[in-house]
Structure formats: C-alpha cells, structure tokens
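Structure, as structure tokens:
Only the coordinates and a few stated rules stand behind these numbers; no lab work does. Source: prediction; values computed, not measured. Note: ideal-geometry Cβ built from the backbone for every residue, glycine included; neighbour counts use all protein chains shown.
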Amino acid sequence: MNQVYEEIVGIIPQLRRYALRLCRNSAAADDLVQESIVRALTKSSLFTTGTNLRAWVFTIMHNVFVSSLRRGKRIELPMDPEMVAAALSVRPTQELTLEVNALIRAMKGIPETQRDAVLMVGYEGMAYENVAAHLNIPVGTIKSRVSRGRTALRLAMHG
C-alpha cells in the first residue's frame, strides 16, 4: 500500500466531521467521505510528496461537494411515513394558552416581593445569592419568598 493510503486512514475522522458540516446529513456525509477517499486514492500519483496531504484531501472533498451541488445531485433517503406525519402535524396550543393565562393571573395574585423572587430565580435562572445581592436582602429571605411564592402559585393553579 502506498503512503497516501496510510495517511488518509489517519484523517478519516476529521474528514467525516467536515463532511457532516457540509452535508448536515449522516448518510450524505458518509457518501461524501467515501467519494473523496476514492478520488484521492485514484489520483494519488498527482500528490506531491512532502506537501500537506490533509489539505489536499480536504480540498478534494470540498470540490466533490461543490460539484455535487452544481449537478443538483441530492441523496434521497427513504422516509418513514409516521415520522413525516409527526413532523408535519401541529399540536394544539389552546391548553398551553389557557395554562399561561392562569399562571399570569396567579402571579398577579401573590405579593410583589414573592413574585419578584420567583421570577428572578425561576424564570431568569438567577442564583439565590445573586438575587439577594441584587435586592440587597439576606439569602434566607429570598429562599423563603421563593418557597412561599411557589406554594401560592401551586395552590392557585391546581386549587
């Protein structure tokens, strides 16, 4: 086996990652890698020893990809009818809208101090310590406000 073959084997994982970036499809990426390696091996006599083989093979891959785009060559994958139906269907949003409206009403029903603490910790994802520093109050106070606020919201939402 020639030197080009041995070196190409070592860069196959890198070729695959690049092909995935180009194709955004696993099967098409595999085909692109295979076509690129075949071309590199058949044209290995054109490779100049001492130059960057990795760059040479990546250039071949890029050119194969661009050529396939120009020819309009697309890889057709078999489609699962259930997956297509699931992708095209839209779930109803009425329940979510009702829940969001109920949450907004419940939030308006709790004291402002609890509402602020719950929003900062629960919605904005801030740490208790950061909320305490922001509001200039002890961490324990924030924890109790969040706890009381969440309990009040749970009761308001689920009665």
- To the nearest 0.05, what FRET efficiency results for Asp30 and Thr93 with a Förster distance of 41 Å applied to their C-beta separation? 0.60
- Mean projected area (nm²) of the alpha-carbon convex hull when the chain is viewed from all directions: 18.1 nm²
